[in-house]
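S.K.: Questions regarding the structure given below will be posed in turn.
Please treat every number below as a calculation from the coordinates, not as lab data. These numbers come from a predicted model, not from an experiment. In this analysis, Cβ positions are derived from the backbone assuming ideal geometry, glycine residues included, and neighbour counts consider all displayed protein chains.
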Amino acid sequence: MTYEEIISKVSKDTGLPEKLVDRTYRSYWRAIREHISLLPLKEDLSDEEFKELRPNVNIPSIGKLSVTLDRYHRMKKMNEISNQFKKEKNASHK
């Protein structure tokens, strides 16, 4: 099924206009994106600060999108290594 077909089917099943169904769906995903974007995950957070963030989103019928403390630490380490590599590469080209 295409996106348009799904919107049409949901519209018929609920009796709501297709435009409203489409806007509602897009608004739902925009809210999730904004929630995740606002999290200060690029900052150096202590374990306690990270645990207070609640970096999880539960999406019915799909599951939970989450960032664990372990994953946060690994991604920070990978980012540091990547930044170091870029600095060394730029220094060698000058």
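S.K.: May I ask you to derive the relative contact order of the chain, considering only C-alpha pairs under 8 Å and at least 6 residues apart, and to give it as an integer percent?
M.R.: Relative contact order, the chain: 14 percent.
S.K.: Next up: Answer with a single label: of (1) 2, 14, 26, 25, 21, 8, 2, 0; (2) 2, 11, 14, 14, 13, 11, 9, 9, 9, 5, 2, 1, 0; (3) 2, 13, 20, 21, 16, 12, 8, 5, 2, 1, 0, which was calculated as P(r) over Cα pairs in 5 Å bins from 0, in percent from the structure in view?
M.R.: After the calculation, the listed value that fits is (2).
S.K.: About its Cα centre, what dipole magnitude does the chain give when the only charges are +1 on Lys and Arg Cβ and -1 on Asp and Glu Cβ, stated in debye to the nearest 20? Don't skip to the answer; put the middle values down first.
M.R.: Details: 19 positive and 15 negative charges, 76 e Å.
About 360 debye.
S.K.: All other residues with a Cβ under 15 Å from the Cβ of L45 taken together, and with Lys, Arg as +1 and Asp, Glu as -1, what is their net charge?
M.R.: -1
S.K.: Residues with beta-carbon under 13 Å from that of D22, excluding D22: net charge, scoring Lys, Arg +1 and Asp, Glu -1?
M.R.: That sum, taken over residues with Cβ under 13 Å, equals +2.
S.K.: Who wins for biggest fluctuation among I32, I59, I81 in a Gaussian network model of the chain, springs between alpha carbons below 10 Å?
M.R.: I81
S.K.: Given the options Y72, Y28, I59, identify the residue whose Cα lies farthest towards the positive end of the charge dipole of the chain (+1 on Cβ of Lys, Arg; -1 on Cβ of Asp, Glu).
M.R.: Y72
S.K.: Report the equivalent ellipsoid semi-axes for segment 44-94 in whole Å, largest first, defined as the square roots of five times the eigenvalues of the gyration tensor built from alpha carbon atoms. Present the calculation step by step, with values, prior to reporting the outcome.
M.R.: Numbers: eigenvalues 210, 41, 10 Å².
They are 32, 14, 7 Å, listed largest first.
S.K.: Tell me the angle of helix 18-38 to the major Cα principal axis of the chain, expressed in degrees between 0 and 90 and rounded to the nearest ten.
M.R.: With both axes taken from Cα atoms, the answer is about 20 degrees.
S.K.: Can you tally the net charge around E34? Count Lys and Arg as +1, Asp and Glu as -1, for every other residue whose Cβ sits under 15 Å from the Cβ of E34.
M.R.: Here the charged neighbours net out to +4.
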